[in-house]
Amino acid sequence: MGKLIKETIHANGIDIRIYTQDFENEFISLTDIARYKSDDPTAAIQNWMRNRDVIEFLGLWERLHNPNFKPLEFEGFRKQAGANAFTMSPKKWIDATEAIGIVSKSGRYGGTYAHSDIAMSFATWISPEFQLYIMKDYRRLKTDENSRLSLNWNLNREISKLNYKIHTDAIKDNLIPPELTSTQVTYMYANEADMLNVVLFGKTAKQWKDENPSVKGNMRDDATLNQLLVLANLESYNSVLINQGKSQKERMGLLRQLAVQQLRTLEKVSLNNLPKLEVAANKE
């Protein structure tokens with residue numbers, strides 16, 4: 001399981017917790033949203049889940065996103081929903097249907113959370129006005145997040161390009177005899193670049209392209225922030241090793257050690273620690 005990235009939405013004086021693991025699927029606290037109107041958030045969530053329209057909506061969401069969703073158990077709930085005797089809770093729903101759109105978390109960051117699609121529906125049920133406040137700050141959060149990701153990805157890509165020039169100069173000065181043909185020279189550059197690809201990505205550029213024929217660009221264009229940063233460092237370090245006269249076999253071992261060490265270190269660094277950017281469009 002990946003590291004949880006935690007944020008907070010500020011909506012009309014209410015702090016609403018949110019977390020994600022992939023920056024695509026955010027889970028927003030229904031417990032915090034319910035506090036806007038109720039002193040008993042658990043009861044408010046359960047009352048919401050008693051409605052037939054809500055059960056049908058939750059069931060449709062799961063069918064679209066969850067291959068393990070249990071349709072027979074859902075149908076049983078759908079038929080009972082809305083009746084005076086019908087009761088529903090997040091735990092009951094999750095246990096019976098293997099739902100993934102709503103989750104219950106314990107501990108310091110505990111409470112009932114739901115995928116943003118579902119959370120916005122719940123917020124509208126609590127208060128359409130309050131849902132607009134949530135959406136306003138949620139958009140601010142996403143814009144800020146995307147700006148940080150884009151800035152850092154492009155910065156690392158540019159650093160990698162600069163180090164690529166240092167890398168090719170080291171190859172030219174130390175590994176390419178003057179008698180080689182232009183085709184042989186091109187092969188030497190490609191061979192060294194693919195050595196770094198194998199060290200960092202575990203495959204050559206051609207192997208990656210064969211596995212991803214529909215993806216535009218190359219494997220480095222598809223790299224993560226951490227991979228681009230490590231790649232820039234590998235190019236710089238490989239230039240030093242080339243100038244020292246080390247063989248490719250020796251260099252691969254040393255470069256692999258560096259890549260593993262740096263990737264492990266970077267995995268411990270949360271994007272939450274990155275400085276937030278001021279986005280002019282969101283200033284009031």
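Distance between the pseudo-spin-label points of D15 and N226 (7 Å out from Cα toward the beta carbon): 2.8 nm.
Once the Cα-Cα distance is subtracted from the 0.36 nm per residue extended length, the T265 to K249 segment shows a gain of 3.3 nm. Among the GluC sites (Glu not before Pro) found in the stretch 1-70, those both in a DSSP coil and sparsely packed, with 13 or fewer other Cβ atoms within 10 Å of their Cβ, are E24.
Each of M188, M120 has its accessible area taken with a 1.4 Å probe; listed largest first, they run M188, M120. May I ask you to give the percent of accessible area on the stretch 1-144 that is carbon plus sulfur, with a probe radius of 1.4 Å? Carbon and sulfur together cover 50 percent of it.
Largest first, the extents of the alpha carbon coordinates of the stretch 1-125 on the three principal axes equal 37, 33, 24 Å.
At the residue level, L72 shows approximately 140 square angstrom of accessible surface with a 1.4 angstrom probe and all protein chains present. Once the chain from V185 to A83 is taken as fully extended at 0.36 nm per residue, the excess over their C-alpha distance is 29.0 nm.
For the stretch 64-134, chymotrypsin sites (Phe, Trp or Tyr not before Pro) are listed when DSSP marks them as loop and at most 13 other Cβ atoms sit within 10 Å of their Cβ; the list is Y109. Solvent-accessible surface of the stretch 59-116, averaged per residue with a 1.4 angstrom probe and all protein chains in place: 56 square angstrom. So if the hydrodynamic radius of the stretch 196-257 is defined as the Kirkwood radius over C-alpha pairs, what does Stokes-Einstein give as its diffusion coefficient at 25 °C and 0.890 mPa s, in µm² per second? Translational diffusion coefficient: 196 µm²/s.
Loop-located trypsin sites (Lys or Arg not before Pro) in the stretch 49-115 (DSSP state not H, G, I, E or B) with no more than 13 neighbouring Cβ atoms inside 10 Å: R108. Accessible surface of M88, taken over heavy atoms with a 1.4 Å probe and every protein chain present, rounds to 10 Å².
The values are calculated or read from the model by the stated rules, or taken from the named source; none is laboratory data. Keep in mind that this is a model prediction, so the values were computed, not measured. Heads up, the Cβs are rebuilt from the backbone with ideal geometry, glycines too, and the neighbour counts pull from every protein chain shown. Surface areas here come from the heavy atoms of the whole protein model, side chains and all, with no ligands, DNA or RNA. Shrake-Rupley method; radii C 1.70, N 1.55, O 1.52, S 1.80 Å.
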